[in-house]
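Before any comments, here is the structure.
The values are calculated or read from the model by the stated rules, or taken from the named source; none is laboratory data. Nothing here was measured: the structure is a model prediction, and the numbers come from that model. Heads up, the Cβs are rebuilt from the backbone with ideal geometry, glycines too, and the neighbour counts pull from every protein chain shown. Surface areas here come from the heavy atoms of the whole protein model, side chains and all, with no ligands, DNA or RNA. Shrake-Rupley method; radii C 1.70, N 1.55, O 1.52, S 1.80 Å.
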Amino acid sequence: MLTSKDKSETKRLPMMPVRDVVIFPHMMTPFVVGRESSVRALEEALASDKRIFLATQHDASVDEPRPEEIYPVGTIVSIVQSLRQPDGNIKVLVEGVERGRILSVGEEEGFFRAVVRTQQFKVEAGPQLEALVSRVGSLFEQYIKLSQNLNYETMIAAIRVDDVSKLADTVGANLQLTIEEKQDLLEIFDPVDRLTRIAEMLDIEIEKLNLDRTVQGRVKRQMERAQKEYYLNEKIKAIQKELGRGEKSEFDELRKKIEAAGMTKDAFEKASAELKRLENMPPMSAESTVSRNYLEWLLAVPWKLKSKEIRDLNHAQKVLEEDHYGLDKIKERILEFLAVRRLVKNPKGSILCFVGPPGVGKTSLGMSIARATGRKFIRLSLGGVRDEAEIRGHRRTYIGALPGQIIQMMKKAATRNPVFMLDEVDKMSMDFRGDPSAALLEVLDPEQNYMFVDHYLDVEYDLSQVFFICTANVLHTVPPALQDRMEVIRLSGYTELEKLEIAKRFLVLKQRKQTGPAEKELQFTDEGILALIRHYTREAGVRNLEREIGNICRKVARRVVNARTARTKETPAQVVVRTDNVGEFLGPVKFRDLETEKKNEVGTATGLAWTEVGGQILGAEAIIMDGKGKLTTTGKLGDVMQESAQAAMSYIRSRAQALGLPRDFYRHLDIHVHVPEGAIPKDGPSAGITIATAIVSALTKIPVRCDVAMTGEITLRGKVLPIGGLKEKLLAAHRHRVFQAVLPRDNEKDLPDIPETVRNQMKLHFVESMDEVLKIALERELPALPLEAPVAIPAQTGEEQRTQ
């Protein structure tokens with residue numbers, strides 16, 4: 001025994017509970033007193049001998065603790081200094097005198113008064129005590145050196161005392177311990193036992209500080225990344241284990257999601273392996289983020305969820321008729337698709353390609369198909385896409401890698417069988433990053449897309465249930481291999497009657513709703529809409545028509561608002577859009593009928609052309625002048641069109657006598673062929689018979705009929721070859737009110753594609769040779785010349801041509 005009890009005393013003192021601090025004897029401690037009961041206890045102590053008993057409360061969040069919520073052992077302190085602050089609180093500085101144990105607590109005049117027993121111990125000097133004191137001093141000196149919070153000189157001076165109890169309390173008060181650990185030290189009354197406990201605590205704290213210093217040393221020496229991650233990971237695991245918590249719940253949740261996702265076997269194995277890797281990674285590492293993102297993408301893609309498909313043909317037909325007027329062939333193909341779905345259990349997905357000029361309803365038709373079949377609709381615009389990774393994604397080795405647009409859109413759809421529209425497939429291009437159209441070959445091939453592999457996911461994904469719809473304005477920019485994988489359905493331009501019905505059924509109602517005028521305030525007559533179509537739009541679709549209707553609606557809306565603002569009792573008069581007042585809203589006429597429609601002229605023929613925005617009327621002019629047989633072509637003609645003019649000229653020279661021309665007529669003449677609208681590039685072989693007719697008319701001075709349009713490729717022997725875009729060209733002729741057309745005989749097979757209204761209103765001449773074309777197109781028949789009869793052809797001036 002190194003100590004023995006000396007004497008004990010009982011004292012009755014004011015008591016004040018303190019929060020988040022343990023007061024040790026011999027220590028100077030400042031704190032602020034704010035609670036009313038504590039202020040009264042402090043004032044009571046100041047009024048007597050400035051002694052007060054301080055004990056720590058269990059829960060610092062309790063404002064008014066009960067006696068049982070206060071630790072039973074505390075410290076009797078002497079109040080050294082007190083200062084009342086403006087907010088009513090009192091700042092005090094106390095010095096610990098001795099520890100004491102509470103015997104009883106009573107409440108007097110709003111504060112606690114405690115009966116406290118103190119205990120004095122007599123310490124016997126000896127080798128054991130000296131060794132213990134020396135060990136504690138040495139350990140505390142090491143602790144001071146390792147700790148960054150204590151001043152070395154001050155602490156060393158503080159522990160140079162002969163009193164063992166004071167040494168133990170000084171060291172204990174300056175250790176970085178929890179409130180509970182400090183309270184345990186305070187409750188040890190025997191100074192030797194307390195010093196022994198402090199020696200044990202110093203060993204533990206020094207070991208912790210050494211470990212922290214080791215970690216810091218490794219960081220400073222730039223230890224290898226693998227060692228650092230391993231150490232931190234092990235430390236985090238140890239801390240989590242000590243705290244009794246971890247991330248197992250999150251990993252378990254991910255594992256459940258993977259099992260419930262319905263993935264393929266390959267994808268499930270890959271996701272499970274990735275999850276296992278993720279569990280062994282530090283949560284804050286960069287690799288952990290990449291792995292977690294990969295798992296989230298795998299879980300976000302729909303593996304088994306499908307939209308319930310509507311296979312009712314009557315419902316589908318009703319929806320298609322509600323959304324679009326005309327387009328019978330398209331609607332018929334959609335109904336056929338639904339019929340197959342009803343008969344075949346698991347048919348392969350269809351890939352359609354809608355080709356047509358802008359504004360004919362390609363994109364909106366895809367939305368109608370989705371509504372008719374009950375599927376989700378997603379749209380991906382491919383215009384300007386030139387990177388193969390946009391389709392297939394980037395590999396995970398790249399920073400910021402993501403799946404391609406196909407997988408991203410499937411995530412957005414959240415179902416395996418959406419209607420997927422690939423818009424503007426003809427606008428894709430390629431560069432050094434790859435060819436996106438080549439990547440689409442797998443996506444749009446029913447024999448391959450059930451095992452589509454995205455570079456990011458790196459597992460097979462089934463796209464066979466997706467209804468792909470592509471749209472394009474032209475096909476010549478789409479690679480042949482891609483065209484081969486799609487069922488091409490052409491959407492030609494609308495006739496005037498179709499545009500009239502579309503405007504009445506859809507466009508006027510839509511613009512009224514968007515701009516505000518009610519039906520009683522604005523009406524469109526059929527003649528007014530036709531005036532809009534003929535004189536303010538020149539297009540295959542109805543986009544500009546809708547824009548012009550919107551312009552009128554906005555102007556009427558302004559009139560209505562002005563009338564209401566004037567607060568007149570009279571309601572504004574109804575506006576009726578007619579032929580005679582369209583100009584009041586839209587200004588001067590934007591498009592006029594061609595002059596060739598008014599009279600027959602020499603050297604001028606009306607051709608038909610096809611452009612990306614639909615069919616167009618194309619005039620060709622020819623004039624002859626004195627010269628040496630030179631043929632000049634102007635009007636920004638392409639190579640093919642210039643060659644067509646050369647072929648036409650060669651045909652005319654070979655048939656000179658049959659055309660009533662001398663065999664050497666060209667020796668003293670120059671011929672100039674011009675196609676108006678010279679700023680617009682033109683090309684293609686279908687203007688061959690038009691150019692030939694214009695040249696023959698100029699040479700023979702026989703006018704060309706203005707009510708006849710023509711299209712066809714010419715050969716050197718005068719044969720008329722078939723052309724493309726027949727429907728668009730005839731619609732253009734009908735739109736320009738030219739009701740006769742000369743067409744190649746081989747194009748007769750395309751007549752079923754022409755709207756019945758157009759066929760009924762137009763007279764179509766199918767020809768096989770240029771001789772037939774001239775019989776129809778020229779105002780009168782050509783005079784045949786005798787074989788020997790020389791005829792001189794005078795040069796024709798522009799003035800003469802205009803007077804014909």
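Assorted remarks:
Here is a yes/no grid of residues against (1) within 24 Å of V767 (Cβ to Cβ); (2) surrounded by 17 or more Cβ atoms within 10 Å (Cβ to Cβ); (3) at pLDDT 90 or above:
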| position | (1), (2), (3) |
| --- | --- |
| I624 | no, yes, yes |
| G635 | no, yes, no |
| G638 | no, no, no |
| Q642 | yes, no, yes |
| I652 | yes, yes, yes |
| V696 | yes, yes, yes |
| K701 | yes, no, yes |
| M710 | yes, yes, yes |
| L721 | yes, yes, yes |
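- Qualifying residue in region 461-480 (condition: in contact with a Gly (Cβ under 9 Å, 6 or more places away or on another chain), open to solvent by 10 Å² or more (accessible area, probe 1.4 Å), acidic (D, E) and in contact (Cβ under 8 Å) with a residue 24 or more places away in the chain): no
- Within the span defined as region 79-92, every residue fails to be surrounded by fewer than 20 Cβ atoms within 10 Å (Cβ to Cβ), of a type in the set (S, T, Y) and within 30 Å of L132 (Cβ to Cβ).
- Looking only at residues in region 533-568 that are modelled with pLDDT of 85 or more and of a type in the set (S, T, N, Q), the one that is least open to solvent (accessible area, probe 1.4 Å) is T537.
- Condition check for R485: open to solvent by 50 Å² or more (accessible area, probe 1.4 Å) and either out of contact with any Leu (no Cβ under 9 Å at 6 or more places or on another chain) or modelled with pLDDT under 85 (or both): no
- Pairs with Cβ under 7 Å, 6+ apart, first in region 731-746 and in contact (Cβ under 8 Å) with a residue 24 or more places away in the chain and open to solvent by 10 Å² or more (accessible area, probe 1.4 Å), second in a loop (DSSP other than H, G, I, E, B) and acidic (D, E): R737/D593; F739/D707; Q740/D707; R745/E768
- Residue ID - surrounded by the fewest Cβ atoms within 10 Å (Cβ to Cβ), chosen from residues in region 434-456 that are charged (D, E, K, R) and over 21 Å from the mean Cα position of the chain (by Cα): E447
- Restricting G404, G384, G393, G400 to residues that are on the phi > 0 side of the Ramachandran plot and open to solvent by less than 30 Å² (accessible area, probe 1.4 Å) narrows the list to G393.
- For region 1-38, a residue qualifies if it is open to solvent by less than 50 Å² (accessible area, probe 1.4 Å) and modelled with pLDDT under 85, and the qualifying residues are L2, T3, S4.
- Hits in region 161-210 (condition: in a helix (DSSP H, G or I), open to solvent by 60 Å² or more (accessible area, probe 1.4 Å) and farther than 21 Å from N151 by Cα): E180, E181, D184, D193, R197, E200
- Contact map, region 620-649: first residue within 15 Å of F665 (Cβ to Cβ), second residue loosely packed, with under 15 Cβ neighbours inside 10 Å, Cβ cut-off under 6 Å, separation 6 or more or different chains; pairs are I624/A795; M625/A795; D626/A795; G629/R667.
- Evaluated against (1) at pLDDT below 90; (2) open to solvent by less than 70 Å² (accessible area, probe 1.4 Å), D753 falls short on exactly one condition, (2).
- For S61, the criteria (1) surrounded by fewer than 15 Cβ atoms within 10 Å (Cβ to Cβ); (2) touching a strand residue (DSSP E or B) at 6+ places or on another chain (Cβ under 6 Å) hold in every case but one, which is (2).
- You will find that of T373, T363, the residue that is out of contact with any helix residue (DSSP H, G or I) (no Cβ under 9 Å at 6 or more places or on another chain) and either buried (at least 16 other Cβ atoms within 10 Å of the Cβ) or within 30 Å of L402 (Cβ to Cβ) (or both) is T363 and no other.
- Listed by first and then second residue, the pairs linking a residue in region 26-41 that is farther than 11 Å from I90 by Cα to a residue that is open to solvent by 50 Å² or more (accessible area, probe 1.4 Å), with Cβ atoms under 6 Å apart and 6 or more places separating them unless they lie on different chains, are H26/K166; M28/E95.
- Residue check for L320: in contact with a Ser or Thr (Cβ under 9 Å, 6 or more places away or on another chain), modelled with pLDDT under 85 and in a helix (DSSP H, G or I): no
- Matching residues in region 407-426 - criterion: being out of contact with any Ser or Thr (no Cβ under 8 Å at 6 or more places or on another chain) and either in a strand (DSSP E or B) or open to solvent by 50 Å² or more (accessible area, probe 1.4 Å) (or both): Q408, K411, K412, F420
- Residue satisfying condition, being among the aromatic types (F, W, Y) and touching a Gly at 6+ places or on another chain (Cβ under 6 Å), within set Y456, Y494: Y456
- Test: residue in region 477-488 that is of a type in the set (A, V, I, L, M) and assigned to a helix (DSSP H, G or I): yes
- Restricting the first member to region 518-532 and to residues that are over 19 Å from V561 (Cβ atoms) and in contact (Cβ under 8 Å) with a residue 24 or more places away in the chain, and the second to residues that are among the small types (G, A, S) and surrounded by 14 or more Cβ atoms within 10 Å (Cβ to Cβ), the beta-carbon pairs closer than 6 Å and six or more apart or on different chains are I529/A503.
- Subset of region 499-532 [buried (at least 20 other Cβ atoms within 10 Å of the Cβ), over 16 Å from R554 (Cα atoms) and either basic (K, R) or at pLDDT below 85 (or both)]: K499
- Consider region 281-317 and keep the residues that are among the small types (G, A, S) and in a loop (DSSP other than H, G, I, E, B). The one that is nearest to E501 (Cα to Cα) is S307.
- In this entry, I680 is excluded by the filter for residues that are free of Cβ contacts under 8 Å to residues at least 60 places away in the same chain, open to solvent by less than 10 Å² (accessible area, probe 1.4 Å) and aliphatic (A, V, I, L, M).
- Residue count for region 25-68, restricted to those that are within 60 Å of the chain's Cα centre (by Cα), within 12 Å of S82 (Cβ to Cβ) and part of a loop (DSSP other than H, G, I, E, B): 0
- Lone qualifier among E98, E124 - being farther than 17 Å from S37 by Cα, buried (at least 16 other Cβ atoms within 10 Å of the Cβ) and touching a strand residue (DSSP E or B) at 6+ places or on another chain (Cβ under 8 Å): E98
- The single condition among (1) open to solvent by 40 Å² or more (accessible area, probe 1.4 Å); (2) touching a residue at least 40 places away in the same chain (Cβ under 8 Å) that S104 does not meet is (2).
- Test: residue in region 756-763 that is among the acidic types (D, E), assigned to a helix (DSSP H, G or I) and closer than 27 Å to S654 by Cβ: no
- Any hit, region 442-458, residues being out of contact with any Lys or Arg (no Cβ under 6 Å at 6 or more places or on another chain) and polar (S, T, N, Q): yes
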